[in-house]
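> Pasting a structure below so you can have a look.
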Amino acid sequence: MVDAIIVGLGNPGKEYAHTRHNVGEEAVALLATRAGVQLKAGRDKALVAESRLCGKRVVLAFPITYMNESGQAVGALMRRHRVVEPGQLIIVHDELDLPVGAMKVKVGGGLAGHNGLRSITQHLHTQDYIRVRIGVGKPRSKEHGADHVLSRVPKADRETLDVMVQRAADAVEAILADGVDAAMAKFNGL
């Protein structure tokens, strides 16, 4: 029995590596490194590693579907590991509604136009999972949203995002160690 499933969202493929859209995947890869495990291809349309973090049994995962189909992998992982409580699912993702350099922990809430969250919500029939939201800033206009999250990141923003990825991994560890309320109190005020 696992205590939590931690999923970093992004798109598969080298062309999407280090884009704003893949900061969630980067945070989960960092957690895997910290745990001394490697994400490997699994049966559930995801790269997966089972490990212990903060004394808890966890599944770390990165869906290898495209972002807008993330729910296929998340739903399959939850079924495989018999996780029924949405509070045992932690999704790490990019957030347009937060500026670069901001990171927030949240339980449930709206989808803010995020196709990965929309897919997960459709597959799970709930929005009550935990989210670690990494701010990537707003594009010039709504029409530029896809370009904004999928294009190369300017160097100054990339350095800031690298710090936020580390902070997001720290927040996941805090959720596991002390609970989501304590993690929100610790990280949301920064």
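The values are calculated or read from the model by the stated rules, or taken from the named source; none is laboratory data. The shown structure was predicted, so the numbers you read here are calculated from the model rather than taken from an experiment. Don't worry about glycine lacking a Cβ; one is built from the backbone with ideal geometry, like all the others, and counts go over all protein chains shown.
> Given the options 143, 173, name the one that is of a type in the set (D, E, K, R), surrounded by 15 or more Cβ atoms within 10 Å (Cβ to Cβ) and over 17 Å from residue 102 (Cα atoms).
None of the others qualify; the one that does is 173.
> Return yes when residue 170 is more than 17 Å from the chain's Cα centre (by Cα), at negative phi and assigned to a helix (DSSP H, G or I) and no when it is not.
It is false that residue 170 is more than 17 Å from the chain's Cα centre (by Cα), at negative phi and assigned to a helix (DSSP H, G or I).
> Based on this model, can you work out whether residue 119 counts as of a type in the set (Gly, Ala, Ser) and more than 21 Å from residue 60 (Cβ to Cβ)?
Criteria not met by residue 119.
> Would you tally the residues in the stretch 149-184 being modelled with pLDDT under 95 and over 15 Å from residue 93 (Cα atoms)?
10
> Continuing with this model, one more query. May I ask you to say which residue of 98, 9, 47 is under 29 Å from residue 157 (Cα atoms), over 14 Å from the mean Cα position of the chain (by Cα) and among the aliphatic types (A, V, I, L, M)?
After applying the criteria, what remains is 98.
> Looking at (1) under 30 Å from residue 142 (Cα atoms); (2) assigned to a helix (DSSP H, G or I), which is the only condition residue 31 fails?
Unmet condition: (1).
> Take residue 156 and decide whether it is outside any loop (DSSP other than H, G, I, E, B), among the small types (Gly, Ala, Ser) and within 15 Å of the chain's Cα centre (by Cα).
no
> Please pick out the residue among 94, 44 that is under 20 Å from residue 126 (Cβ atoms) and either touching a Gly at 6+ places or on another chain (Cβ under 9 Å) or free of Cβ contacts under 8 Å to residues at least 12 places away in the same chain (or both).
Criteria check complete, one pass: 44.
> So, in the stretch 12-27, of the ones that are among the small types (Gly, Ala, Ser) and more than 13 Å from the chain's Cα centre (by Cα), which residue ends up farthest from residue 164 (Cα to Cα)?
It comes out as 13.
> Only residues that are of a type in the set (Gly, Ala, Ser) and either assigned to a helix (DSSP H, G or I) or surrounded by 15 or more Cβ atoms within 10 Å (Cβ to Cβ) (or both): list them for the stretch 176-188, please.
Of everything in the stretch 176-188, those that are of a type in the set (Gly, Ala, Ser) and either assigned to a helix (DSSP H, G or I) or surrounded by 15 or more Cβ atoms within 10 Å (Cβ to Cβ) (or both) turn out to be 177, 182, 183, 185.
> Another question about this same structure. In the stretch 39-82, which residues are surrounded by fewer than 23 Cβ atoms within 10 Å (Cβ to Cβ), polar (S, T, N, Q) and not in a loop (DSSP other than H, G, I, E, B)?
Scanning the stretch 39-82 gives 51, 68, 72.
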